[in-house]
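To keep things clear, I will list the structure first and then write my remarks on it.
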Amino acid sequence: MSDTLNDPRIGNGMRAQMELRARLLDGGAKQIGWKVGFGAPTAQTNLRLTAPLVGFLLDRALMESGADVSLAGWQKPAAEAEIAAYIGRDLPAGASREEVRKSIAALGPAIELADIDCPMDDVQAVLSGDIFQRHVILGPRDIMRAGARLNGLKGRVTRSGQDVPVPADLETNIGEVVNIVRHVADVAAAAGGGLRAGQFIICGSLTVPMLLEPGERGVNFTLEPIGSVLVQFS
């Protein structure tokens, strides 16, 4: 079991989140993956966290690359360029690093769209609402990156045509991908039915989260040499 659930904010928030998930699944939704948030070192320090927060992803949130998304009615929309880790085999709690690497079947670029609808420093509320999750857009996946092989990968993000700085070390703001996958497996086993083959994890924002302003045209994320993912706004 993940020690993070001993934090009452996280334990209570995850229980509420799993109740939300159960209602949505009962309504016909299907879970396709997991997400993490607040993995950046500064966020961890400010919120007194020892690991990222974990949320779930549903099929109804998935959109094709190039999709046009209306942000009308959103409170505080944000976009994040992320690495998606695709899981090729079930991963139990307490898995070794080698087991984790063997479970990662591919990597690829992804964009998450979120709507910040509660105070970001209220950990329990953030978790209860599935960490602001609204949509996820996936790009191509590369099986040659199985085992979380990030060597040689380079990120490029543009927002409404303007470049957004991406660290040369793609794990700077998210932590090690292997550790993220292991942490999600631990939390999912304790709270949400486990990390399963065929699911994927979006591993957190590579850049400072992009708070979207009126008139934004779109976000494009290229994870070289794998490929690109794009979302447009209306």
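The values are calculated or read from the model by the stated rules, or taken from the named source; none is laboratory data. No experiment lies behind these values; they were computed from the predicted model shown. Because the Cβ atoms are built from the backbone with ideal geometry, glycine has one as well, and the counts that use them run over all protein chains shown.
What the table shows:
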quantity	calculated
Enumerated strands (runs of 3 or more DSSP E) restricted to segment 148-215, each holding at least 1 residues that are touching a Leu at 6+ places or on another chain (Cβ under 7 Å), surrounded by fewer than 22 Cβ atoms within 10 Å (Cβ to Cβ) and not polar (S, T, N, Q)	154-159
Per-region count, segment 1-40, residues modelled with pLDDT under 95, more than 24 Å from Gly198 (Cα to Cα), in a loop (DSSP other than H, G, I, E, B) and not acidic (Asp, Glu)	1
Candidates Ala85, Ala43, Ala72, Ala79, filtered to the one that is more than 18 Å from Asp3 (Cβ to Cβ) and part of a helix (DSSP H, G or I)	Ala43
Residue within segment 189-199 that is at pLDDT below 95, closer than 29 Å to Ala95 by Cβ and touching a Ser or Thr at 6+ places or on another chain (Cβ under 6 Å) present	yes
Residues being under 22 Å from Ala114 (Cα atoms) and among the charged types (D, E, K, R) - total across segment 177-229	3
Test: Asp130 is among the acidic types (Asp, Glu), over 20 Å from Ile10 (Cα atoms) and out of contact with any Lys or Arg (no Cβ under 6 Å at 6 or more places or on another chain)	no
Segment 89-138, subset of a type in the set (Gly, Ala, Ser), buried (at least 17 other Cβ atoms within 10 Å of the Cβ) and part of a loop (DSSP other than H, G, I, E, B), residue farthest from the chain's Cα centre (by Cα)	Ala95
Hits in segment 7-35 - residues which are in contact with a helix residue (DSSP H, G or I) (Cβ under 6 Å, 6 or more places away or on another chain) and either in contact (Cβ under 8 Å) with a residue 40 or more places away in the chain or within 26 Å of Glu171 (Cα to Cα) (or both)	Arg9, Ile10, Asn12, Gly13, Met14, Ala16, Gln17, Met18, Ile32, Trp34
